[in-house]
Amino acid sequence: MEFLKFSSSNISDALDKLKIKGGCEGILPIIEGKKICGPAFTVKYVPVGAKGGTVGDYIDYAERGDVIVLDNAGRKYCTVWGDLLTLYAKKKEISGTVIDGVCRDVQRIKELDYPIFTKGRFMMTGKDRVKMEAMNVPVSLSNVLVNPGDIVFGDDSGVVVIPKEKEEEVLELAEKIKEAEECIEKEIETGSKIKDAREKFGYHKLQRGE
């Protein structure tokens with residue numbers, strides 16, 4: 001996808017200019033040095049009640065290139081992702097997984113070199129603790145709304161969500177921001193003061209809404 005040439009910072013600044021909240025606080029990569037980008041396949045979890053329930057076999061319905069987005073409401077006392085899901089996601093060529101919560105089986109994640117972004121890691125299973133309430137519904141990632149099909153991007157700085165109806169606008173703005181910052185870098189490398197370089201290319205207004 002075209003967004004892969006940008007950083008999460010470029011995209012976040014573009015979203016700021018459009019007054020859209022997109023950065024998912026506290027969600028970071030298990031394996032650094034990897035980027036993900038793709039349409040969101042969303043899953044929502046809730047605590048298990050008297051009737052019980054399962055963590056779900058939703059991944060059978062995800063498509064190649066999707067980013068699986070798991071809304072576990074930031075719970076850290078149980079995981080909703082482990083080694084079997086990692087193996088299957090890798091086999092299906094899923095782009096990556098983003099969890100508002102935690103994962104386990106980190107060694108297997110690293111062995112398979114599968115990109116996962118989470119709020120941490122913890123070994124206790126989610127089975128009999130949480131259940132899948134729904135899939136492909138609007139969910140939350142650190143209080144950022146994610147609709148099915150929204151673009152989810154992740155890199156070493158974190159995860160950002162681009163509403164699908166704003167994709168073209170965000171692409172255009174991210175390109176302008178990236179170009180301006182590259183020009184500022186060149187100015188600094190040729191001896192300019194950072195203040196002068198920033199003023200020349202409007203650094204302080206790049207992310208500011210009109």
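Some notes on this structure:
- Residue list for the range 118-133, given a label point 7 angstrom along the Cα-to-Cβ vector of Asp156 and an amide N cut-off under 17 Å: 118
- Prolate/oblate/rounded label for the chain (Cα gyration tensor, a/c 1.5): prolate
- Across the chain, Cα pairs under 8 Å and at least six residues apart give a relative contact order of 31 percent.
- Charge dipole (the range 26-161, unit charges on Cβ, about Cα centre) - positive-most of Thr97, Ala50, Thr79: Ala50
- Amide N of the range 148-170 lying under 15 Å from the label point, which is placed 7 angstrom from the Cα of Leu18 along Cα→Cβ: 148-153, 160-170
- Annotated for the range 26-161: lysine pairs at least 8 residues apart or interchain, Cα distance under 12 Å, count 5.
- Rounded Å value of the spacing that divides the Cα centres of the range 121-150 and the range 168-210: 36 Å
- For the range 81-120 and the range 16-55, distance of Cα centres in Å: 12 Å
No value in this document is a laboratory result; all are computed from the given coordinates. Not measured: the values here are computed from a predicted model. Backbone-built Cβ (ideal geometry, glycine too); neighbour counts: all protein chains shown.
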